[in-house]
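Every number here is computed from the coordinates shown, using simple stated rules; none is lab data. On a predicted model such as this, the values are computed, not experimentally measured, just so you know. Cβ atoms come from the backbone with ideal geometry, glycine included; neighbour counts cover every protein chain shown.
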């Protein structure tokens, strides 16, 4: 059976056994039974309890072995020490999927890990897919499947809708369920994954990608153990055009520490997750409000904005300016309306402001057609990818409701491709009517603009996602593992296709003089040893040497200094290289993330990387557009564009170098531990790049 | 009569005349009358209408001259072209204050400006204080004074409370009123200032500072024309211990452009406003939500947190980590609880996390005392300035309400000095009960943390505010205005008390040689001319000269190059100075802001200021603590602390230089247009600073 068919039985069950079923309201075995009955689950429900009898009017079965027919789903609401035994009673074929609620597994230490391993083994032997343990279970909202013991649905259920929600944390998940209900979001599925003994967040994303009722996937995560699987899931979501919104904890050192002390999952480097999200067009929310604003808008809009060009219409110039502030912060553009649109507005309302943000003034209240005509004119030109309209408190006025309703309806009909967000206070019923038209409503205009900005970031990952499949080619490296010497490291960089300085290894002062002569012009001499990381610190570097005398002297000086300061180092010789031309010093690096494999790092050299931490990351491999985005995303990017009278650098060649290193790292993931090209010189436009020094470690 | 007594009659009127009163519901003259009657204003109301008769059962008076008794307040709800005439009918003493609603004044151009000038003159002649024109008026919530034509109070009024709200924009004000009602905030006053012909935002802040019913002042502003008045108002608020929260538009270029096209007020440089807010401990909100979160928390807490040490308690480890992320972003500290507190928690709940954020786990639901004991233990040690507690959706559960209510009550009683914020979903009545105990409730935990962070920023302005009174001393400057030459500019810097390089002006090559000899060691030669700003560009600088021959040659070379490349420049001579020691190059500048006067700027030299725009500003004068905060607030601050093996710089001396330049600028505000010390060399700790070059412009 395919994984999809297995998951379909689990998440879409026609029959459910509740092991540990109880009628006592304070038992966790009572909750799913109560919820399933109360909300009218249409499938077969079998309480399982060794005492038999009937529970909530349903005849109970003593154990899984005694089931008259197989069930799609078994909910295990029994103590941790009994769950594996209870599941072990099932014969292969009797149970397709199981949800295990209880804690006391891998999250608690050694004994718990052993208990979890046994549970996994039991499930695997019987072909049972497992959600949990230590999870709140799941809900299939449309079909009233309440495989959960969360009391959240007791206070009212969420509407069925197109948002699939996955949470590694049960507590967060329960809170998010309540928030979704408060904010009127409609859910398809709500899934908590807990310890992820079998099914993890990636499996659930993949399931939701394939689910025809889900359009938006909201994920809360703390970490992931299988990077490739998550990448596949996100790539599939992207391919299917389904938006993914993620709240991931551990952005900061304090958060990461708290996350690590909380979760058994390997947290991993947050910067790498951030790179992953950018690369796969995932919107990352930094707060719970952002998380819900994104889910809300993406679910309400019939389609996402195609770009960053935002039109703003307001009935208050001041709030318009505030929204313009937000738009600039969010990286959105505010192109002007066409002259004809501006003229028409100013002819009707001379004291209006016809630039973007367009302030139609309070006159919108007196003249019902003003708002629609202005918006229609603005959108007719194809100038805008999205429109945000601030209506202040006017949404509460009964007299104006027909104006606003027809405004939203007409605009959606005439310009279906342009998402519309309204900013106003509306009574709940009117808000819902607008949402049904495809217009999300925000009380805080800043929230509307920031949401648009976060969605625009999703579209930046516009180039097709490169799937992390291995290529055949592999890097040629010296035998063995550990650090390479500089000559070998530069050779590896050259293999990637990145130009390097013409460095020649010499074994004696005579050879150094000869090679310096061959190079011509002033040269640099450097000690070559895999044991010496900081060559200057041990007197191993001499620069700008001219003529045989200087070269010979420098060679002798280097050998003497190194012999004294690093007597244990294995010396491979000395390299002779021409002095570097003028350029901007960059750092290009690659390291292996334990979860996601090769990660590429780029930044400007020295202070900029070390002190200002102005670096960007992407997972290998990637294409030219991602590489450009990595470079342009730096705060120091203007320094590559010809700041302070310097010539602009060859950014295209830089991007090509990033792509090349990523391809090499991807092609030979098992052989290279890390590479750092420092400096990688960015030369003036048209002149390419030049790697001057490199450190590499083989695996 | 004092201004305070005048404003008291206006904002606190015992009698109100409504000029242009009407019973027709679509007239702006109908709204105040309707609201005053409906909400039970206790004072005397006199409708004024030339047609006389009765309006809403009140006998109308034909004009202000016909008033039987003086009134405290006249509301002018008549067209712009008639307002001055209507007011002119009042005899001196008949009307204390007036509110003018209508637009068509300075905001509309030349004719409107003339109309406004006439209105101002009429009011001044009669001793009438004026709010508006082009404003929505004001409300005194406690006394049901509805001097407004905003329909917002028709949909329900806000509760009386301790927040005074002032808005330059009527539309924003009306929206904010509705938001305050939706969010359950209590207001003392709501004031919209419009064109500010007489009363401006600063007057209103001062009024609210003196109002015993107001504790928190929320201000929306677009700009201000009288910087000194605003500074006095903010200083008074600070002195009175009243919190000021500001939303000011125009943070970004796009926002500033939109603001400028919207408002007649001089927008001014936003960076200067930002400096002002920091300096006077004003919390700046960047979104409407932030604005209300701040007002809400500051009003709910009995007192503000004394520092940045935050304790977090959560029943979900994941959300705890998310809150830790927010806390770090917000610059808050998360100290660990005492070992005894940790031990006690872990003894009760072995799978809890006892570090900060403290995760008491879902066990808080099963064990009622757990939450209170843990929080009490944490706060008993005096380790925390504030406490934030995440209770997830548990607030909705009836069974848990007594636990949470007594938790909040007990904690407030035992630790009244530590503000408490709860993060949870509570039904409205319970939320209000908690607020009444002094605990604000946030549904988004991030909003709770960010609010705490923004409040902590207010406390950074801990040093007493230096009031902008002039001092006697004045800078000695060459006669006349315009640029100074470098020798004169350095002399001015020395007058401020900032050490400068020992630069000597010479008139000939012989003098240059003699002075170079006197200086000793290698010297620099530079052309001295007030007409040459970029000395290097015209060959006017030679460095590291040693011996008479080099000095003589350099002098000749400079004179020749400058003669050729800047033949028109007036040459004052050449300066001879010792070569500079090693240090970090900074820029220290002063410019005159048209609204706020002298502003001090500080940043690290070159790329950091020019490309990364990493600069900080403060208004002159200020003390050492503000100067330290200016320096430490830079992203590049680590470069002054001994980055990459360099010795740490003399930051105290840098701070002293900032204070000194601010004092000079403040002492001689009419004589100095601008100064830029570039570079100001920050020497290693204990060695001070050294100004190497300066540009100054006299007024």
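Which of rounded, prolate, oblate describes chain B, given a ≥ b ≥ c as roots of the alpha-carbon gyration tensor eigenvalues and a/c under 1.5 marking rounded, otherwise prolate only if a/b is larger than b/c? Oblate, because a/c is 1.5 or more while a/b does not exceed b/c. Taking the average, over residues, of other Cβ atoms within 10 Å as the packing measure, peptides A:543-550, B:569-576, A:200-207 rank A:200-207, B:569-576, A:543-550 from highest down. Counting only DSSP beta bridges whose two residues both lie in the protein assembly as shown, roughly 50 percent are antiparallel. For the peptides A:399-410, B:439-450, residues were scored by their other Cβ atoms within 10 Å and the scores averaged per peptide; the highest-first order is B:439-450, A:399-410. Computed on chain A, with alpha-carbon pairs under 8 angstrom and 6+ residues apart, the relative contact order is 8 percent.
Shielding by partners for peptide A:585-598, expressed as the average number of C-beta atoms from other protein chains within 10 Å of each residue's C-beta, is 0. Summarising the label geometry, the points placed 7 Å from Cα in the beta-carbon direction at residue B:460 and residue A:625 lie 3.9 nm from one another.
Highest mean first, the peptides B:371-377, A:113-119, B:173-179, A:47-53 sorted by other C-beta atoms within 10 Å per residue fall in the order B:173-179, B:371-377, A:113-119, A:47-53. In this rough spin-label picture, where each label sits 7 Å from Cα along the Cβ direction, the residue B:274-residue A:182 distance is 3.2 nm. Each label point was placed 7 Å from the Cα along the Cα-to-Cβ direction; for residue A:68 and residue A:210 their separation is 3.2 nm.
Taking every residue in A:327-335 and counting other chain Cβ atoms within 10 Å of its Cβ, the average works out to 3. Centre-to-centre, using Cα atoms only, segment A:647-699 and segment B:514-530 are separated by 47 Å. Against the longest principal axis of chain B, how steep is helix B:270-279, in degrees 0 to 90 to the nearest 10, with axes from Cα atoms? Compared with the principal axis, the helix lies near 80 degrees. Given axes a ≥ b ≥ c from the Cα gyration tensor, I'd like to know whether the protein assembly as shown is rounded (a/c under 1.5), prolate (a/b larger than b/c) or oblate. Oblate is the answer for the protein assembly as shown, as a/c is 1.5 or above yet b/c matches or exceeds a/b. With a 10 Å cut-off around each Cβ of B:99-110, the average count of Cβ atoms from other chains is 1.
Across segment A:78-209, C-alpha contacts under 8 Å between residues 6 or more apart give a mean separation that, scaled by the residue count, equals a relative contact order of 25 percent. Computed from Cα atoms, the angle from the helix B:486-496 axis to the main principal axis of chain B rounds to 50 degrees. Per-residue ellipticity at 222 nm computed for chain A from its helices equals -11500 deg cm²/dmol, with DSSP H segments shorter than 4 residues left out and the rest contributing -39,500 (n - 2.57). If R0 is taken as 35 Å, the Cβ-Cβ distance between residue B:646 and residue B:561 corresponds to a FRET efficiency of 0.55.
Sorted shortest first, the separations between the residue B:184 label point and its copies elsewhere in the assembly read 2.1 nm; each point sits 7 Å from Cα along the Cα-to-Cβ line. If you average the alpha carbon positions of segment B:72-123 and of segment A:176-241, how far apart do those two centres end up, in angstrom? Here the answer is 62 Å between Cα centres. To the nearest ten degrees, helix B:110-125 and the longest principal axis of the Cα atoms of chain B are 70 degrees apart.
Measuring r between the beta carbons of residue A:432 and residue B:568 and using R0 = 60 Å, the FRET efficiency lands at 0.25. Using alpha-carbon positions, what is the distance between the centroids of segment A:357-382 and segment A:283-334, in Å? Value for the Cα centre distance between the two parts: 19 Å. For residue B:57 and residue B:380, the FRET efficiency from 1/(1 + (r/R0)^6), where r spans their Cβ atoms and R0 equals 51 Å, is about 0.25. Relative contact order of segment A:292-439, taken over Cα pairs closer than 8 Å and 6 or more residues apart, is 30 percent. A label point on residue A:399, set 7 Å along the Cα-to-Cβ line, lies at 5.2 nm from each of its counterparts in the other copies, closest listed first. Each other copy places its own label point for residue B:160 at 5.2 nm from this one, sorted shortest first, where the point lies 7 Å along the Cα-to-beta carbon line.
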